[in-house]
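Report on the following structure.
The values are calculated or read from the model by the stated rules, or taken from the named source; none is laboratory data. Everything numeric in this text was worked out from a predicted model, so none of it was measured. Backbone-built Cβ (ideal geometry, glycine too); neighbour counts: all protein chains shown.
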Amino acid sequence: MPRPIKSITNPRLALQILSPEDVQRIHTATLEVIETVGVRFPSPKALEVWEAHGAQVDWNTKIVRAPGHLIEDALKKAPPVYTLAARDPAQDLPLDGNHVYVGTDGCGVQIIDLYTHERRRSALKDVAEIVRVADYLEEVAFIWVPVSAQDCPPETRGLYELKAAWENTTKHVQTESIYSEREARASVEMAALIAGGREKLRRRPVLSYALCTVPPLGQDPGTLEAALVAAEAGIPVGFMTMTSCGTTAPATLAGNLVVGNAEVISALAMIQLAYPGAPVFYAAAQTAMDLRTGGYTGGGPEDFLFGAASNVLADFYNVPLSMGSFATGAKEPNWQAGIENSLSTFMACVVMSDMLLGVGLLHGSRIWSYEQMLMDCEIYDIVYHMMKGIVVDDETLALDVIRAVGPGGNFLAQKHTRKHMRDLWVPKFMDRRPYEEWEAKRDDARDWARAMARQILETHQPEPLDPQLSAELERIIHAA
Amino acid sequence: MTDELFRAMAQSIIDGDPDVAADLARKAIEAGIDPLEAINKGFVPGVDYVGEQYGKGEMFLPDLVLAGEAMKAAIAVLEPEIARQGGQRQTLGTVVIGTVEGDIHDIGKTLVATMLSVGGFRVYDLGVDVPITTFVEKAREVNADIVGMSALLTTTMVRQRDVIEALEDAGLRSRIKVMVGGAPVTRAWAQEIGADGYSEDAIGAVSVAKQLVSAG
């Protein structure tokens, strides 16, 4: 049986972070940047697409300057709604603007071992095991490659990661670690095998691509070519900007949004020019640099604001959004991790970002922690409950019950209480025990999260992939 | 008069104003001031002040970078004059730096290059996507003390090892120190591939470089 998926839907909370005039100004500024400053597309294939559609291409600098109408017309061809398919159709994820789905974070390079507690380099086995735990968790709706399979050859690493993912989950898989045309071609073949053929893959994309831009105002050659291969096959493709105030973007938040927006919408437009109607999505994880080191922070009020603002932009362009939330800069699952991951996730959820990336990583998406993964799921669960808001009707106003209890009584023995008590949130990892019980045991959320992760890993068996399919996937990887 | 000029030079560094710094450098040459003295008594105190304020948490990375830009502008004016007079600017050492082949990530590497240059090193920045042989050839050409390599991807990180091996094959490894950095790079990785230095950020990289050259 596939595990249920907990997605936020029919929200009762809302937030206005940018006015329609603000959005229009950001859009106009973005088009001006694309038209006059340009964006670097260092791939002959991408440059040919631009040139064929009348953009101004400088073949020496690889910078494209495209008029606003070309970008706007291209973006209009992008489908506003489509579905990320899962190996098990019961776990399909409609990107319809009325759902928030959480994925695993990626792509870490180290892992805190679940049994030895040692921090070590990540390997293929870790990808498989993390995905297996993610398959169990109902808060996790889809898989991002959580850590890098560094024991696999660099040329086919991204493919081994995909194989490990499909072998351990029936949920949708989104890769953020394929960035060459060669690997992309093999990944399409693999996805087609899982979906049951090229045409079925187009209708039911069991794979999607998240790709990074190169801020400021640039793209990566391998990434562009991989995106074109995926888009041609009908695999949804998203471009993620990680513009950082002060280093790769202006220090001001609006300026940051403009730079990142120019990167993302120019890339999405290029895909639409090449393959009109191809499913695409907006992706973002903007931040502000650490003022002392220039480094990536992984959280802060700027990040939280970006988390809400990006969805307004994605809505303006009428494409789904994948938003970076969680991904704390903390070194351990601690106070900082709790604050950063709660606020970033709340802000991204309250505006109904379609996809959230994601649970499980520490130190700015570099170190995997199973404990953090499970605590992140609990953070999401809190937000999930908050998004239901406060329902006001006769039943919830509960006047009859208030009358029945009257001054000085209590509500424990009321049927109304028993009827509604399960609407109240129950924590997995919050410590609500009596003080003395805590004092005697001195254990906490980390211990409980670790125990739960071990239990899932040791007992959960996802619907296996047909061994013949596995062998075929292996063959494709070897031929790549 | 000279004191006033020196003070203005320091201030141009603190303000991070390359145009003013270059102007003051030209004025010093016109006034017949020893260009080495202009650097050491005029501009360097500005760099020291900025470094000190940074240490106290009063100034931030952009202050350091702007100071670095101003310093570069001043040195660009003064260095030819030093050479004309038959002298040479003292540096802590020569660094060849770049992002490895297959990787086009620029910012971290450029920041390290700037900080090293502000910190007193002569820096040759080879840019991004730098082939192995280019690292080796440039290191040989400029008689580098340090080769620095950046990588942002786990798939390109392995090139750092290739460059170290190429330096060995070229017979240069024994007299060149190797520093590595980049988001996926860890101290364990640096040790595994036999690099001499590793830092998580640009400020730390300067201390590491200083230790490496002083250790000889």
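Kindly check whether there is at least one residue in region B:164-184 that is among the acidic types (Asp, Glu) and either in contact with a Pro (Cβ under 6 Å, 6 or more places away or on another chain) or within 14 Å of another protein chain (Cβ to nearest Cβ) (or both).
No, the conditions are met nowhere in region B:164-184.
So B:PRO131 passes all but one of these: (1) within 20 Å of B:VAL208 (Cα to Cα); (2) more than 12 Å from chain A (Cβ to nearest Cβ). Which condition number does it fail?
It fails just one condition, (1).
To keep it simple, each residue is scored yes or no on (1) outside any strand (DSSP E or B); (2) touching a helix residue (DSSP H, G or I) at 6+ places or on another chain (Cβ under 7 Å).
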| position | (1), (2) |
| --- | --- |
| A:MET323 | no, yes |
| A:ASN341 | yes, yes |
| A:LEU374 | yes, yes |
| A:ILE382 | yes, no |
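Return yes when A:ALA274 is in the same structural domain as A:LEU95 (by TED's automatic domain parsing) and surrounded by 22 or more Cβ atoms within 10 Å (Cβ to Cβ) and no when it is not.
Criteria not met by A:ALA274.
So which of A:PRO42, A:PRO20 ends up being without any contact (Cβ under 8 Å) to a residue 40 or more places away in the chain and either assigned by TED's automatic domain parsing to the domain that holds A:TYR282 or more than 30 Å from A:ARG450 (Cβ to Cβ) (or both)?
One residue alone meets the criteria, A:PRO20.
Which residues, taken from region A:263-295, are under 20 Å from the mean Cα position of the chain (by Cα) and under 27 Å from B:THR110 (Cβ atoms)?
Those that are under 20 Å from the mean Cα position of the chain (by Cα) and under 27 Å from B:THR110 (Cβ atoms): A:GLU263, A:VAL264, A:ILE265, A:ALA267, A:ALA283, A:ALA284, A:ALA285, A:GLN286, A:THR287, A:ALA288.
Looking at this structure, is A:ARG433 outside the structural domain of A:GLU139 (by TED's automatic domain parsing), surrounded by 12 or more Cβ atoms within 10 Å (Cβ to Cβ) and part of a helix (DSSP H, G or I)?
no
Test A:GLY260 against the criterion of being more than 14 Å from the chain's Cα centre (by Cα) and away from chain B (no Cβ under 14 Å), and give yes or no.
It is true that A:GLY260 is more than 14 Å from the chain's Cα centre (by Cα) and away from chain B (no Cβ under 14 Å).
Okay, residues lined up against (1) at pLDDT below 90; (2) surrounded by fewer than 18 Cβ atoms within 10 Å (Cβ to Cβ):
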residue: B:TYR54; (1), (2): yes, yes
residue: B:GLY87; (1), (2): yes, yes
residue: B:HIS105; (1), (2): yes, no
residue: B:LEU116; (1), (2): no, no
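Checking B:ILE132 against (1) under 29 Å from B:PRO45 (Cα atoms); (2) surrounded by fewer than 24 Cβ atoms within 10 Å (Cβ to Cβ); (3) modelled with pLDDT of 95 or more; (4) hydrophobic (A, V, I, L, M, F, W, C), which single condition isn't satisfied?
Of the numbered conditions (1) under 29 Å from B:PRO45 (Cα atoms); (2) surrounded by fewer than 24 Cβ atoms within 10 Å (Cβ to Cβ); (3) modelled with pLDDT of 95 or more; (4) hydrophobic (A, V, I, L, M, F, W, C), the odd one out for B:ILE132 is (1).
Check whether at least one residue in region B:86-96 is away from chain A (no Cβ under 14 Å), among the β-branched types (Val, Ile, Thr) and farther than 30 Å from A:TYR179 by Cβ, and report yes or no.
Yes.
List pairs: first residue in region B:165-187 and within 30 Å of A:SER122 (Cα to Cα), second residue part of a strand (DSSP E or B) and of a type in the set (Phe, Trp, Tyr) anywhere in the structure, Cβ distance under 9 angstrom, at least six positions apart or on different chains.
What qualifies is B:MET179/B:TYR198; B:VAL180/B:TYR198; B:GLY181/B:TYR198; B:VAL185/B:TYR198; B:THR186/B:TYR198; B:ARG187/B:TYR198.
Which number in (1) surrounded by 23 or more Cβ atoms within 10 Å (Cβ to Cβ); (2) more than 14 Å from chain B (Cβ to nearest Cβ) marks the one condition that A:GLY197 misses?
(1)
Could you identify the single residue in A:GLY246, A:GLY255, A:GLY294 that is more than 23 Å from A:TYR101 (Cα to Cα) and either without any contact (Cβ under 8 Å) to a residue 24 or more places away in the chain or touching a Lys or Arg at 6+ places or on another chain (Cβ under 9 Å) (or both)?
Checking each option against the conditions leaves just A:GLY255.
Answer with yes or no whether A:VAL37 is among the β-branched types (Val, Ile, Thr), out of contact with any Cys (no Cβ under 7 Å at 6 or more places or on another chain) and surrounded by 16 or more Cβ atoms within 10 Å (Cβ to Cβ).
No: the conditions fail for A:VAL37.
Hey, can you tell me all the residues within region A:389-423 that are over 30 Å from A:MET352 (Cβ atoms), part of a loop (DSSP other than H, G, I, E, B) and not aromatic (Phe, Trp, Tyr)?
A:GLY406, A:PRO407, A:GLY408, A:GLY409, A:ASN410, A:LEU412, A:ALA413, A:GLN414
Identify, by number, the condition in (1) within 14 Å of chain B (Cβ to nearest Cβ); (2) surrounded by 24 or more Cβ atoms within 10 Å (Cβ to Cβ); (3) not hydroxyl-bearing (Ser, Thr, Tyr) that A:LYS331 doesn't meet.
(2)
Evaluate the following for A:VAL147: is it within 14 Å of chain B (Cβ to nearest Cβ), under 14 Å from A:GLY360 (Cα atoms) and surrounded by fewer than 24 Cβ atoms within 10 Å (Cβ to Cβ)?
no
Just name the residue that is nearest to the other protein chains (Cβ to nearest Cβ) out of those in region A:224-243 that are within 17 Å of A:LEU357 (Cβ to Cβ) and surrounded by 23 or more Cβ atoms within 10 Å (Cβ to Cβ).
A:THR243
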